[in-house]
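What follows is a set of notes on a single structure, which appears directly below.
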Amino acid sequence: MKLKVIQSDITTIQVDAIVNAANTSLLGGGGVDGAIHRKGGAEILEACRKIRATQGNCKVGEAVITTAGKLPAIYVIHTVGPVWNKGGKEKESLLKKCYINSLKLAIENNIKTIAFPNISTGIYKFPKELAAKIAIETVRNFEEPSQIDEVTFVCFDEENFELYKKIVEK
Ligand code: ADP
C-alpha cells in the first residue's frame, strides 16, 4: 500500500473513494462536508437521506458509503470525527475508529484508492499534530493493507501539509 501526502481540495481528487468529515446527521455542514455536498450535487444528499431513513444518525467513529455524484471520485465514504472539546484518550480512539471503519468499508466495496481529509482538525478542533499522528499510524498499521493500493492524505491548509510530510517521512 502506497501512502501519499498532498495539499489540495479533496473534491478535485480522482480516486475510487474520497472520505468526508461528516457530522452525525449526515445532512451536510461546513468545511469539507459543505464542499463535497456543494460540488457533488443533490445525489449525495439523497443517498445520505436514504441511509438515515434506515439506520438513523451516523455515530461518531462510524462510516457509511454513498455515490460521489458529480465529483471525479466514484464513492464518498462519510465518517463522523469526534469533537475535541476537552480531549482525552476516548477522543483519540474515536478518531482512530474513523480511519479503520473507512478502510474496512473501502475493502468491502472493492475500493483500491482512497483519499482522506484531516478529519476533526477544522470545526471539531482536534489538535492537528496529534490528529496527523493518529491518522498516519492507524493507516500504516491497518491489518489488511494489501487490499488497498493507495491512500492519499489530502491536506487543505499549509500547517497540516507540513505536519503530515514530517510525520510520514519519519
Ligand atoms: P471537522 O468538523 O471534522 O473538523 P472540517 O471540515 O471543519 O471538519 O475540517 C476538517 C479538515 O478538512 C480541516 O483540516 C480543513 O482544513 C479541511 N478542509 C476543509 N475544506 C476542505 C476541502 N475542500 N478539501 C480538503 N480538506 C478540506
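Only residues that are touching a residue at least 12 places away in the same chain (Cβ under 8 Å), part of a helix (DSSP H, G or I) and of a type in the set (D, E, K, R) were counted in the stretch 141-170, giving 3. Each residue in the stretch 75-92 was checked for being among the small types (Gly, Ala, Ser) and touching a strand residue (DSSP E or B) at 6+ places or on another chain (Cβ under 8 Å), and 1 of them qualify.
Values quoted throughout were computed directly from the atomic coordinates according to the rules given, and no laboratory measurement underlies them. What you see is a predicted model, and the numbers here were worked out from it, not measured in a lab. Reconstructed Cβ throughout: ideal geometry from the backbone, glycine too, with neighbour counts over all protein chains shown.
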